[in-house]
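Input: a single structure, listed below in structure tokens.
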Amino acid sequence: MLPDRFVKIGLNIGTTSRLFRRSQVGCLDSTWRRNGLTVSLPNDPGIGYSGAVTMIGLAVDLSGRDESDYARPLTQALESLTTRVTVDTVSARLMRTIFSNAELHGCSDAFFDAGIDVLMRRLSCELAHVETRKASPLEKRQLSIVQDLIEAHLETGLSVRDMAASVGMDQTHFAKRFVSSTGLAPFAYLTNRRMERAKSMLGSSRKIIDVAQAVGYANPSKFAAAFRRHTGLSPRIWSNQGNARGSG
């Protein structure tokens with residue numbers, strides 16, 4: 001899976017298959033049933049495979065939606081969906097309708113645009129945090145242990161398995177309870193903390209390559225893509241704006 005600017009949504013409209021995907025955001029290894037939705041984020045390269053499947057695919061470019069009330073935080077909200085297959089009949093019906101409309105009228109009519117907006121809002125607002133209501137939060141002591149672990153390892157390859165092990169849980173159960181505690185999937189939380197540290201370091205005129213390595217990215221281009229996804233700006237622009245504020 002090559003990096004690009006699209007949020008990609010896949011809807012299985014056929015028989016059950018197996019789906020595996022590993023990217024910077026996390027790992028998905030699940031059964032992909034009929035009406036199951038998968039989401040992958042912009043600028044999130046990785047590898048993946050599945051069995052033979054009939055699907056509807058939708059790629060949404062958010063780069064021209066900066067002025068909407070959901071575009072900027074949208075990819076962050078969707079991160080929790082990238083590591084699981086979500087079965088939602090409402091979204092499935094909407095995607096089928098959008099597809100049928102596109103076949104008849106193309107992709108430039110008002111219904112198509114409105115349908116995309118409704119689908120993205122549902123995915124980000126209604127479904128992204130559905131697991132929060134199904135699991136009890138971590139105990140305060142457990143959450144503190146995990147947060148301390150994350151802060152101490154922002155520059156290393158810390159995995160969700162490592163986080164779960166620190167509080168004696170299996171990875172799946174831990175992830176659900178972590179989402180319930182923080183509203184974010186573990187890897188999304190880790191990425192947010194890395195980006196917060198990166199923002200402060202860029203503001204102190206550190207070299208971008210040094211900042212990237214300090215927050216766990218050996219590849220500066222991957223760091224730049226993640227930083228843009230979370231802030232809407234490139235590291236260089238953020239750094240220049242910080243320097244301008246400092247000299248003003």
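So for S23, S100, fewest C-beta neighbours within 10 Å to most, what's the order?
Details: S23 19, S100 11.
In increasing order of surrounding Cβ atoms, one gets S100, S23.
Students often forget the sequence filter, so: which lysines lie under 22 Å Cα-Cα from K207 once same-chain residues fewer than 8 apart are removed?
Once the sequence-local lysines are set aside, what remains near K207 is K199, K222.
Between H153 and F111, what length comes free when the chain is fully extended (0.36 nm per residue of separation minus the Cα-Cα distance, one decimal in nm)? Intermediate results must be reported in sequence, preceding the final value.
Details: separation 42, 0.36 × 42 = 15.12 nm, distance 4.67 nm.
Stretched fully, the H153-F111 segment lengthens by 10.5 nm.
Which order do R121, R194 fall in if you start with the one that has the fewest other Cβ atoms within 10 Å?
Details: R121 15, R194 24.
In increasing order of surrounding Cβ atoms, one gets R121, R194.
What is the set of long-range amide H partners of G36 at a cut-off below 5 Å, with H atoms built 1.01 Å from backbone N?
The list, which skips near neighbours in sequence, is N12.
Normalised by the number of residues in the chain, what is the relative contact order in percent for Cα pairs under 8 Å and 6+ residues apart?
On the way: 370 pairs, mean separation 41.6, N = 248.
It rounds to 17 percent for the chain.
Note down the magnitude of the dipole of the chain about its Cα centre, charges +1 on Lys and Arg C-beta and -1 on Asp and Glu C-beta and zero elsewhere, to the nearest 20 debye.
Values: 32 positive and 23 negative charges, 78 e Å.
So the dipole magnitude of the chain works out to roughly 380 debye.
State the answer as a single residue: which of P220, Q241, M201 lies farthest towards the positive end of the charge dipole of region 159-248, with beta carbon charges of +1 for Lys and Arg and -1 for Asp and Glu, about the Cα centre.
Farthest towards the positive pole: Q241.
Could you give the nm distance between label points at A59 and A165, where each point is 7 Å from its Cα heading toward the beta carbon?
Those two pseudo-labels are separated by 3.8 nm.
So what's the angle, to the nearest 10 degrees on a 0 to 90 scale, between helix 140-152 and the longest Cα principal axis of the chain?
For 140-152 against the chain, the angle is about 70 degrees.
In degrees from 0 to 90, rounded to the nearest 10, what is the angle of the helix 89-105 Cα long axis to the longest principal axis of the chain?
Roughly 70 degrees, rounded to the nearest 10.
If a/c stays under 1.5 just call it rounded; otherwise compare a/b with b/c (prolate if a/b is bigger, oblate if not). Do that for the chain, with a ≥ b ≥ c from the square roots of the Cα gyration tensor eigenvalues. Before the final figure, lay out the partial values.
On the way: a/c = 1.98, a/b = 1.28, b/c = 1.55.
Oblate, because a/c is 1.5 or more while a/b does not exceed b/c.
All of the numbers you see were taken from the coordinates with simple rules; none came from a lab. Here the structure is a predicted model, which means the values were calculated and not measured. Note: ideal-geometry Cβ built from the backbone for every residue, glycine included; neighbour counts use all protein chains shown.
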